[in-house]
Every structure is written in C-alpha cells, then in structure tokens.
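Accompanying notes for the structure given below.
The values are calculated or read from the model by the stated rules, or taken from the named source; none is laboratory data. Predicted model only: the values in this text are computed from it and were never measured. We place every Cβ from the backbone using ideal geometry, glycine too, and count neighbours over all the protein chains shown.
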Amino acid sequence: MGKIDTIVAAATPPGRGGVGIVRISGPKVPEIAAVILGELPLPRRATFARFLDSHQDTIDAGLALFFPAPHSYTGEHVLELQGHGGAVVIESLVARIIEIGGRRAQPGEFTQRAFLNDKLDLAQAEAIADLIDAGSRAAVRAAMRSLQGEFSAMIRGLTDAVIELRTYVEAAIDFPEEEVDFLADEQLAERFQAVSDHFDGVEQSARQGRLLREGMTVVIAGRPNAGKSSLLNKLAGYEAAIVTAIPGTTRDVVRERIDIDGMPLHVLDTAGLRQGGDVVEEEGIRRAKVEMTRADRVLFVIDASEDPSGSAFHEESGRMPPDVPVTLIFNKCDLAVGIPVADTMAGPPRITVSAATGKGIDALRAHLKLCMGYQTVDTGTVSARQRHLESLSRARRNVDEAQRQLQDRRAGELVAEELRGAQQALNEITGEFTTEDLLGRIFSSFCIGK
Ligand SMILES: Nc1nc2c(ncn2[C@@H]2O[C@H](COP(=O)(O)OP(=O)(O)O)[C@@H](O)[C@H]2O)c(=O)[nH]1
Ligand SMILES: [Mg+2]
C-alpha cells in the first residue's frame, strides 16, 4: 500500500449559489487546516474562519468544520470549508489546498474511500448516487431505503440461506458415513425450494428498484403516417415530434422521457418503415431498426382506419428483431370500424387507441406498467441496478445448477461448488467480493465531490 493522498473537491455544484462547500479528506487535513485557517478547528464545531492564501490574504471567509477520523463520511480526517458560492472563489480555494499538499479528487472518490473504510457497502454507495440522480419521489424513497441498508440486508439474508445450504451439503460430503444417502434427503429438496422462493422475493424487489432508476425503453415503429409521432406526443403530453399528413416526416429518432406513476419511460419515435424513400429516410429506417433491437418493447402502430387487420405488422414482422416483445397499437380508432377484438387473435397483445382523441392511452400506460411488472403501490421497494439483477440471476443459475447436479447425479462436490459460486455472485452486490475494475467502473460514474 502506498501512502494515502489527501483529496479535495468542491462538494457543491458548479455555478453561482449562496454557499459553496469545499471538502478535503485524508491524513494531511490537520496540516492543511493549520496553513489555510491558521489553526485546526475544534472537532465537529462550526467555526467561523478566514481562508488564507500564500500571502496570508483572505480568499474567502466562512465556516470551517473538522471531522476527525474515523467519524466522518469517508472514515478519514475531513475538513469542510463553507464559503461563498462563486466559481472563482471555490476554484481559488481548491487551488490553494492543492498547493499545500492536497490532490484533486476523482469522481466518486470520497464515497469510494467511505466504502474502503467500511462506512458503507457497495450497494449503499450506489444508493447515494441513485439518491442524487433520483428522478421521482418514489425513486428517492427507494434509494433512501437502499442507503439505509435494506437492500444489503436482503442480500445478506439470501447469502446466509445459500451458505446454510452449502454447509449442509458439504457436511454430507465430508462425513459420508454418518448420513447414508444424505443427498437424497427429502429435507434437502425442501431447503432448495426455500432458497429459490427467497430469490423470487429479492429479485422482485430489485427488479422494481431497477425500473424506478432506469425505467423502460419503448420504440414506436410502424408504417409512415400510422400516427407514431402523434402517439409520442399524446404520451408526452406536448408536441415533442412533428406531425403532418405527409408520409416520411420523421427521419431522426426522437427521444422523450416520460414518467408513468414514477416509472421513467423512455419513448423513441422513429421513421416509418417502408421501402423506396430517399437516402435520409433510409438512414432513419436503419436507425429505427437499431433502436428496436435495444428496446424493452416495440409499440407497432397500425392505422386501423386503413389496415384493420394489421397486415402491416405481418409484412414487417420478419424484419423485426426476434427477441424484443411487441404490442400492436391499433390507432385512429376514432375513424376506424371493425377492428378485431383483442383476445380472439393469437400473436402480440393489441391495444386500440386514438392518438387524436386520447382514447385508450390510459389503457396503454397500464399495459406498459404491467409488461414491466411495475407496481404503483410502494411496497418497500429498494433502489437497485442492472448490475445487481445480473449478479442475482447469476447466483440463481448457480443454485439451479446445484439442484440439477443433486437430482441427476448425486454429485455432492459439484453441488457445493455451484453454491460457492452463488455465494460469490451475491457478495459482488454488497462488494465483499469485487475486482478493482468493477469498483473503478462504479465510482467513476459518480459526480465529482461525492
Ligand atoms: N383521425 C386521426 N388522425 C390521426 C390519429 N393519429 C394520427 N393522425 C393523423 O395521421 C397523420 C400522420 O400522423 P403522424 O403522427 O405524423 O404519423 P407518423 O408518420 O406515423 O409519425 C397526421 O395527419 C395525424 O394528424 C388518430 O388517432 N386519429
Ligand atoms: Mg412521424
């Protein structure tokens, strides 16, 4: 281990404000305080002080707060200088602190130190970033629950269940004479089932949390003039995209972020799918297809007044990405008669709307929430990320594989090995098991000064 640097950054956002805060963390804090303030303030006492430059002139004056290690955000000595919120004032202070031994902090470095000093685990550290970025009150509540450790506690509970199972299996391997055909034990199957149910509960909560944070992405596709841009505008509640009666109006991908009961919905309006447009339109269609492959769902809009059987979709479906679910939107129902009734036909779900009158739009919103498994009721949702869901599903695959090894081959060692893998995947969530690379990726996405 090399020596630990003392880091400094503005903790308040750039720009003008009533107060600007500079935060310093690391072993050199007492020395730096002595130079810039003339003395080290009393611990945890708001102390009025002048912040001095190299000529003992005042850069700014304000409050100094000293939090001695380990009772600080980072677990190190921390000094906060609360001065006036001007960009030049703050930068002068930061520059002065660098002169006398500090180093400019990387994004997320304060929180990374808090993690390394066991002030919080990785899921909690991520919850801090989620709290700062939260786009709705539901997202704030979920991030706060994660920050307070609810999500980590769920993961630890699950890890304990896996460990218990693993201990049970390993005991059977180590002492084969004590329990005859131990691995065939009824009780073991029941234990596996209990762990699997436990996974269901945690995954449900994490999925909901990921939705609050990341939302879902839908791409609106269909023939030119079907009413795609009109649908986007209706969902957005304002004229986000240009609507005309001229086919081929939309060429670029138009993106809007909409909120459905707290769930962020990223809606992309695209160029209509047809052959024989000009090069610009062709490029638009190519982009539409790229976006479709990345979407959680495609809303395929059909002009029901002209195409009541939805033949446009049947013609296009072969050219659509195979793995992305589709909902057929029968639009212009204000004009149309004789649209096939939803449930009588096989194929993708159908929703009948009018982007002109707004009929059916609420049903479409409800449908989107249902597709993503989003619940409006706030049942202890925690904030979670795609990374967490991936670790959870990896852990679950290990457990399933363990169960298969048990049933098919009675291979105790392999069962134990899979369970070890599951435990490790779960540990990645809270950060008990992590690589430098993963940590780097997580903290670099934070803002500077956090
Ligand atoms: N009557 C009626 N007209 C619609 C409806 N939705 C769209 N339109 C009209 O259909 C035309 C094409 O709409 P637009 O949203 O630009 O279609 P896009 O090419 O698929 O984006 C415009 O003249 C719209 O006013 C609808 O629900 N009812
Ligand atoms: Mg359009």
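List of remarks:
- Residue in the range 259-275 that is modelled with the highest pLDDT, counting only those that are closer than 22 Å to Ile246 by Cβ and charged (D, E, K, R): Asp269
- Some residue of the range 417-435 being exposed (fewer than 14 other Cβ atoms within 10 Å of the Cβ) and under 16 Å from the mean Cα position of the chain (by Cα): no
- Pair list, Cβ < 7 Å and 6+ apart or interchain, from the range 90-101 residues that are under 19 Å from Gly62 (Cα atoms) to residues that are of a type in the set (A, V, I, L, M) and part of a helix (DSSP H, G or I): Arg96/Ile36; Ile97/Ile32; Ile97/Ile36
- Enumeration of residues in the range 258-273 that are more than 11 Å from ligand 2 (Cβ to nearest atom) and either aliphatic (A, V, I, L, M) or free of Cβ contacts under 8 Å to residues at least 60 places away in the same chain (or both): Ile258, Ile260, Met263, Leu265, His266, Val267, Leu268, Leu273
- Subset of the range 345-358 [within 13 Å of ligand 1 (Cβ to nearest atom) and either among the polar types (S, T, N, Q) or surrounded by 15 or more Cβ atoms within 10 Å (Cβ to Cβ) (or both)]: Ile351, Thr352, Val353, Ser354, Ala355, Ala356, Thr357
- Total residues in the range 213-228, condition under 14 Å from Ala355 (Cβ atoms) and part of a helix (DSSP H, G or I): 1
- Qualifying residue in the range 124-137 (condition: hydrophobic (A, V, I, L, M, F, W, C) and in contact with a strand residue (DSSP E or B) (Cβ under 8 Å, 6 or more places away or on another chain)): no
- Cβ separations smaller than 7 Å between residues 6+ apart or across chains give the following pairs from the range 167-193 residues that are assigned by TED's automatic domain parsing to the domain that holds Ala402 to residues that are modelled with pLDDT of 70 or more and of a type in the set (Val, Ile, Thr): Val169/Val415.
- When the range 207-239 is filtered for residues that are in contact with a helix residue (DSSP H, G or I) (Cβ under 9 Å, 6 or more places away or on another chain), away from ligand 2 (no atom under 16 Å from the Cβ) and at pLDDT below 90, the ones remaining, listed by number, are Arg207, Gln208, Gly209, Arg210, Leu211, Leu212, Arg213, Glu214, Gly215, Met216.
- If only residues of the range 74-119 that are in the same structural domain as Ala49 (by TED's automatic domain parsing) and hydroxyl-bearing (Ser, Thr, Tyr) are counted, the one that is surrounded by the most Cβ atoms within 10 Å (Cβ to Cβ) is Thr74.
To keep it simple, each residue is scored yes or no on (1) within 12 Å of ligand 1 (Cβ to nearest atom); (2) farther than 12 Å from Gly222 by Cβ; (3) under 27 Å from the mean Cα position of the chain (by Cα).
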position: Arg286; (1), (2), (3): no, yes, no
position: Lys289; (1), (2), (3): no, yes, yes
position: Thr293; (1), (2), (3): no, yes, yes
position: Ile302; (1), (2), (3): yes, no, no
position: Gly310; (1), (2), (3): no, no, no
position: His314; (1), (2), (3): no, yes, no
position: Pro322; (1), (2), (3): no, yes, yes
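- Considering only residues in the range 5-30 that are of a type in the set (D, E, K, R) and in contact with a strand residue (DSSP E or B) (Cβ under 8 Å, 6 or more places away or on another chain), the one that is surrounded by the most Cβ atoms within 10 Å (Cβ to Cβ) turns out to be Arg23.
- Selection from the range 240-257 of residues that are exposed (fewer than 13 other Cβ atoms within 10 Å of the Cβ), more than 10 Å from ligand 2 (Cβ to nearest atom) and assigned to a loop (DSSP other than H, G, I, E, B): Ala245
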